[in-house]
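Take a look at the structure set out below.
The values are calculated or read from the model by the stated rules, or taken from the named source; none is laboratory data. In this text, all values refer to a predicted model and were calculated from it rather than measured experimentally. Using ideal geometry, Cβ is built from the backbone for each residue, glycine included, and neighbour counts are taken over all protein chains shown. Note: accessible area is taken over every heavy atom of the protein model, side chains too, but ligands, DNA and RNA are not part of it. Shrake-Rupley method; radii C 1.70, N 1.55, O 1.52, S 1.80 Å.
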Amino acid sequence: MRIGKTALLSLAGGALFFAGYWIGMGNVPQLTESSALNSNLAEDLDGAERQVEDAIRRWSSKAAMSEGDVRRNWSPRAMFIPTRNQGQGMLCIQLQLQPGNLGGSPVYCYQAGFFESEEATKLVAEYSDVE
């Protein structure tokens, strides 16, 4: 009788697990190349093209791979880090590794006033020891 109760409880628990899994998977958005996540990425990088190009060039040189390989395996992400001076700060570009690849995500930070300055690609901080 005990084995029967245990088996019945095990089957009920398994059925609940799979029902929850099935319901949960229906609520997860499917990410594709054309998803909203990737369209927001282009908006985040608006005006930072020179810094992104410089970060890609620096990482391709350090990782000994072509810039095309870097573009395929890493996605640029912009972050603004403010300083105490109002409106000043650093623009940091993180090359975020695509899912399924091995390696790290380097970060390159550029000087304050990066949109107005001719020296917009002046590197002020580099965090690229991530291999």
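Just to be sure I understand, how many residues within region 78-109 are among the basic types (Lys, Arg) and within 15 Å of residue 126 (Cα to Cα)?
Residues of region 78-109 that are among the basic types (Lys, Arg), as a first pass: 84.
Filter once more, so that each one left must be within 15 Å of residue 126 (Cα to Cα): none.
Number of matching residues: 0.
All conditions in (1) modelled with pLDDT of 90 or more; (2) part of a loop (DSSP other than H, G, I, E, B) hold for residue 104, with the sole exception of (1). Residue 57 meets the stated requirement of being in contact with a helix residue (DSSP H, G or I) (Cβ under 7 Å, 6 or more places away or on another chain) and either open to solvent by 40 Å² or more (accessible area, probe 1.4 Å) or modelled with pLDDT under 80 (or both). Here region 63-80 is the region considered, the condition is being open to solvent by less than 80 Å² (accessible area, probe 1.4 Å) and not in a strand (DSSP E or B), and the residue that is farthest from residue 130 (Cα to Cα) is 68.
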